[in-house]
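What follows is one structure encoded as structure tokens, with my remarks underneath.
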Amino acid sequence: MLHLEFQRRADPRMADRMLIYRGLLRVEPACAGKRIQQHVIVLGEGRSPSRIDEPPDLVYAFETHYVRDLDPARALTQPLTAPWAMLAGTLDHKEREARLIEILRAATSVDSKSLYRDLTRTTLAFAAIVMKREDIEEALREAGMSIDNNNDLTWADALHAEGHAEGVVEGRLEGTHDDAVQLLVHRGVDEKRAKLIAEALVSQALPVAAKRAAFDSLDELDALAAEG
């Protein structure tokens, strides 16, 4: 069972999150008897922990990959991998513009229109992580690309812009709530009671809601739900 976790930037709490995810995977019937491999792929800046060493008996580790360490020349050898070159490290914005043009031109060599659009949108989404919008627009003008630039750039902006934080928070709330419910049900709590506890955890302790659902005593969690 392969678990890939993509992060726009490194998260200092990533090891704790991955341990929770592993616990969820271990109790999934579809994962029974399967080896679980976990990988974090960091698309942008920063470094995050890849292991937990907590004496006396907790040792846990997973793989973390930083896309900025990729060799752009290797990624650019074929259209399907070319978008990743957009995230490879460089401090030169002109070099990034040149890469963007090269990647978008490489995408035109594929036969499928849907694949061409997927490659274009992925490239622009990656570009939005490491480039300013005006630099992206300049590169597109220089390339003279016959793509729906405005719609594709709007899509990339919507994926990454801080102005969409409200939607991100809403998704985080919903995802954390569902994780907490699942953990509680696996601990033997009936679903109705689990939902009440999860609602209380999310409203009062969102950053550690799933962890508390997994490890706090059920008496404590029942008391928390009663307070809510």
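The values are calculated or read from the model by the stated rules, or taken from the named source; none is laboratory data. Here the structure is a predicted model, which is why all the values come from computation and not from measurement. Reconstructed Cβ throughout: ideal geometry from the backbone, glycine too, with neighbour counts over all protein chains shown. For the accessible areas, the whole protein counts, side chains as well, though only heavy atoms, and no ligand, DNA or RNA atoms are used. Shrake-Rupley method; radii C 1.70, N 1.55, O 1.52, S 1.80 Å.
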Residue that is modelled with the lowest pLDDT [pool: residues in region 35-74 that are over 18 Å from Ala128 (Cβ atoms), in contact with a Ser or Thr (Cβ under 9 Å, 6 or more places away or on another chain) and not in a loop (DSSP other than H, G, I, E, B)]: Arg74
Residue in region 36-43 that is open to solvent by 50 Å² or more (accessible area, probe 1.4 Å), closer than 30 Å to Phe215 by Cβ and not hydrophobic (A, V, I, L, M, F, W, C) present: yes
Test: residue in region 62-69 that is in contact with a His (Cβ under 7 Å, 6 or more places away or on another chain), crowded, with 19+ Cβ neighbours inside 10 Å, closer than 30 Å to Ile20 by Cβ and aromatic (Phe, Trp, Tyr): yes
Residue list for region 98-114, restricted to those being among the small types (Gly, Ala, Ser) and part of a loop (DSSP other than H, G, I, E, B): Ser109, Ser112
First in region 6-20 and assigned to a loop (DSSP other than H, G, I, E, B), second anywhere and hydroxyl-bearing (Ser, Thr, Tyr), Cβ under 7 Å, 6 or more apart: Ala10/Ser48; Asp11/Ser48; Pro12/Ser48
Scope region 91-127; condition open to solvent by 20 Å² or more (accessible area, probe 1.4 Å) and within 18 Å of Ile41 (Cα to Cα); matching residues: Thr122, Phe126
Residues satisfying the stated conditions in region 83-97, i.e. part of a helix (DSSP H, G or I) and without any contact (Cβ under 8 Å) to a residue 24 or more places away in the chain: Ala85, Lys94, Glu95
Criterion: of a type outside the set (Gly, Ala, Ser) and over 26 Å from the mean Cα position of the chain (by Cα) - qualifying residue of Asp53, Asp57: Asp57
Selection status of Pro49, in contact (Cβ under 8 Å) with a residue 12 or more places away in the chain, open to solvent by 60 Å² or more (accessible area, probe 1.4 Å) and either in contact with a Pro (Cβ under 9 Å, 6 or more places away or on another chain) or within 25 Å of Ala125 (Cβ to Cβ) (or both): no
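May I ask you to verify whether Asp190 is within 27 Å of Leu24 (Cα to Cα) and modelled with pLDDT of 85 or more?
So Asp190 passes the test.
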